[in-house]
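Here's the structure we're looking at; comments come further down.
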Amino acid sequence: MPGPLKPELSRAVLEELARIYGDELPSVLRAMARPGRRYYLRVNTLKASREEVIERLREKGLDVRADESLPEAIYLPVKGPFKLPEAGKAIVVDKFAAESAMMGSHIYVPGIRSFKGVRRGDEVLVLSDRGQPVAFGVARMDEQELLRARRGLAVEVLRPLYRVPPMRELEEFKLGLIYPQSLPAMLTTRVLDPRPGELVVDMTCGPGGKLSHICQLTANQARVLAFDRSRHKVRETREVLARLGCEAAVLKADSRYLDMDYPFLVGRADRVLVDPPCSALGVLPKLYDLKSAKELASLAEYQRQFLKAAAKLVRPGGVVVYSVCTMTARECEGAVAFAVEQLGLEVEEQPLYLASRGLPGLVEKAELLQRFHPHLHGAGYFIARLRKP
């Protein structure tokens, strides 16, 4: 059985990770190049019980299991890595397509970078644009067709490095009974702990995973306002809510300025979820990440702007939950230190811990923060629960 690929990381990313992990860095890098051992789904309990969904999926021959910690979470064991067959031709795909193909997703036209000399029916090796082999498949169009096409199936993946069943093709997905979502992402909404009747604000809602979970946990009985600056993500989020039977108002807006654009929200929200764009180093498998030191610093500053607005929207005594799918100290504990020292928020204990505590020395009460580490938990993630005094 082949070992995992080693991710190609920029010096800036490596330095950030080395500050956190020290001698453990080699183990972290190996873990970053492979998916976690479990592929998680959230059961939409607005439509079905976990037991009913497990039974339906097992009848399809899927090895579905109930998570031990969250009552709405189920998972399938991830299998691999597998040895890829040899092929006479190779195609090159972008980073997103490569990391998806690595887990068994097919290749579609927008993800193609090179399809030179390929004819329909050819066996092909799928390579990332850094030359990393991720899957073996069969071409479903030839080079000339691809040059004319703007969409469509280009390569059917037959043998990926790792295998997870195509859950989005199942009837249960289309009926809104399941939603693919990582365990840390589900835990974030549990830490937010929304209640019926409350005013809940999701500041960066696309594509709707945590938002629909908020609706689910409150049985559609909370007043939920959700925002995203991307028109495409707003549309996608509304489609997700409709499929899952969730009720929330989804609006296009730049959430950094919600206090100015929606002044009636200032000081009124019971709970605010801040899940801003981040370096995403904890989204696995990771083939490569070449962010510069300037890009990493810019992301950290960007996240603080969301926290500034959240601190204004939340009422006294209300809760702000901050989460990012990464591990850098400046995006995690550093952001919390900013929220405490500059915005007057207070770190408080979370209702459930499934991972490690925060890094000591960077912010007071770091032991109340929660961190997922790739080599320990199969993902990189950070969750903070803050309260406005």
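Points worth noting:
- Checking each residue in region 13-33 for being buried (at least 19 other Cβ atoms within 10 Å of the Cβ) and modelled with pLDDT of 95 or more picks out Val13, Glu16, Leu17, Val28, Leu29, Ala31, Met32.
- Some residue of region 367-379 being small (Gly, Ala, Ser) and either over 22 Å from the mean Cα position of the chain (by Cα) or open to solvent by less than 10 Å² (accessible area, probe 1.4 Å) (or both): no
- Subset of region 323-342 [surrounded by 17 or more Cβ atoms within 10 Å (Cβ to Cβ) and part of a loop (DSSP other than H, G, I, E, B)]: Cys325, Thr326, Met327, Thr328, Ala329, Arg330, Glu331, Cys332
- Filtering region 357-377 for residues that are closer than 15 Å to Ser279 by Cβ, charged (D, E, K, R) and in contact with a Cys (Cβ under 6 Å, 6 or more places away or on another chain) leaves an empty set.
- Flag if Val157 is over 19 Å from the mean Cα position of the chain (by Cα) and on the phi < 0 side of the Ramachandran plot: yes
- Test: Tyr75 is open to solvent by 10 Å² or more (accessible area, probe 1.4 Å) and either among the acidic types (Asp, Glu) or touching a Ser or Thr at 6+ places or on another chain (Cβ under 9 Å) (or both): no
- Whichever residue in region 166-212 is modelled with pLDDT of 95 or more, among the aliphatic types (A, V, I, L, M) and assigned to a helix (DSSP H, G or I) and, among such residues, is farthest from Asp270 (Cα to Cα): Leu183
- Residues within region 51-66 that are over 21 Å from Lys210 (Cα atoms), open to solvent by less than 10 Å² (accessible area, probe 1.4 Å) and touching an Asp or Glu at 6+ places or on another chain (Cβ under 8 Å), tallied: 1
- Hits in region 363-389 - residues which are part of a loop (DSSP other than H, G, I, E, B), in contact with a helix residue (DSSP H, G or I) (Cβ under 8 Å, 6 or more places away or on another chain) and within 26 Å of Leu313 (Cβ to Cβ): Val363, Glu364, Leu369, Lys388
- Qualifying residues in region 78-92 (those that are touching an Asp or Glu at 6+ places or on another chain (Cβ under 7 Å) and either small (Gly, Ala, Ser) or open to solvent by less than 30 Å² (accessible area, probe 1.4 Å) (or both)) - the one farthest from Asp289 (Cα to Cα): Gly88
- Helices (runs of 4 or more DSSP H) wholly inside region 213-319 containing at least 3 residues that are over 18 Å from the mean Cα position of the chain (by Cα) and in contact (Cβ under 8 Å) with a residue 60 or more places away in the chain: 293-313
- Of all residues in region 219-248, those being open to solvent by 100 Å² or more (accessible area, probe 1.4 Å), out of contact with any helix residue (DSSP H, G or I) (no Cβ under 7 Å at 6 or more places or on another chain) and acidic (Asp, Glu) number 1.
- Residues of region 142-180 satisfying the condition of being in contact with a strand residue (DSSP E or B) (Cβ under 6 Å, 6 or more places away or on another chain) and open to solvent by 80 Å² or more (accessible area, probe 1.4 Å): Arg159, Arg163
- Test: Lys6 is in contact with an Asp or Glu (Cβ under 7 Å, 6 or more places away or on another chain) and surrounded by fewer than 16 Cβ atoms within 10 Å (Cβ to Cβ): no
- Flag if Glu348 is out of contact with any His (no Cβ under 6 Å at 6 or more places or on another chain), without any contact (Cβ under 8 Å) to a residue 12 or more places away in the chain and surrounded by fewer than 18 Cβ atoms within 10 Å (Cβ to Cβ): no
- The requirement of being of a type outside the set (D, E, K, R), modelled with pLDDT of 95 or more and either part of a helix (DSSP H, G or I) or within 23 Å of Asp289 (Cα to Cα) (or both) is fulfilled nowhere in region 61-76; no residue meets it.
- Comparison of Ser100, Ser105, Ser69 shows that the only residue that is more than 30 Å from Gly131 (Cα to Cα) and open to solvent by 20 Å² or more (accessible area, probe 1.4 Å) is Ser69.
- The number of residues in region 34-50 being within 22 Å of Lys79 (Cβ to Cβ), open to solvent by 70 Å² or more (accessible area, probe 1.4 Å) and in a loop (DSSP other than H, G, I, E, B) comes to 2.
The values are calculated or read from the model by the stated rules, or taken from the named source; none is laboratory data. Worth saying up front: this structure is predicted, and the values here are computed from it rather than measured. FYI the Cβ positions are ideal-geometry reconstructions off the backbone, even for glycines, and counts take in every protein chain you see. Note: accessible area is taken over every heavy atom of the protein model, side chains too, but ligands, DNA and RNA are not part of it. Shrake-Rupley method; radii C 1.70, N 1.55, O 1.52, S 1.80 Å.
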